[in-house]
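The values are calculated or read from the model by the stated rules, or taken from the named source; none is laboratory data. Predicted, not measured: the structure shown is a model, and the values here were computed from it. Here Cβ is always computed from backbone atoms with ideal geometry, including for glycine, and neighbour counts include all displayed protein chains.
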């Protein structure tokens, strides 16, 4: 049974989706990566997600339908997760910078 995400997990997945598809930058949903050894029908936790548009998530040439070819072109799920987390961290650092700068001018 899949566990419903907590408030913090929902916030994280919202940040992930807001990045846009890692491949084409179109609006995205989250894809739960599947680490090696995870069984069919199983998925990782809600923090192990990457943003993909419908076509790159579940379309004809997608991570679900052509995983080996997809990863050969765009990187492994783990590489894409690392990129996703790095982009979120960069955005949070920029937001924190401007929030602190605004506080110092007020």
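Count of segment 9-19 residues, restricted to those that are assigned to a loop (DSSP other than H, G, I, E, B) and either surrounded by fewer than 15 Cβ atoms within 10 Å (Cβ to Cβ) or modelled with pLDDT under 95 (or both), is 0. Answer yes or no: is there a residue in segment 25-35 that is surrounded by fewer than 15 Cβ atoms within 10 Å (Cβ to Cβ), at pLDDT 95 or above and under 11 Å from the mean Cα position of the chain (by Cα). Checked against the condition, which is being surrounded by fewer than 15 Cβ atoms within 10 Å (Cβ to Cβ), at pLDDT 95 or above and under 11 Å from the mean Cα position of the chain (by Cα), segment 25-35 yields no hits at all.
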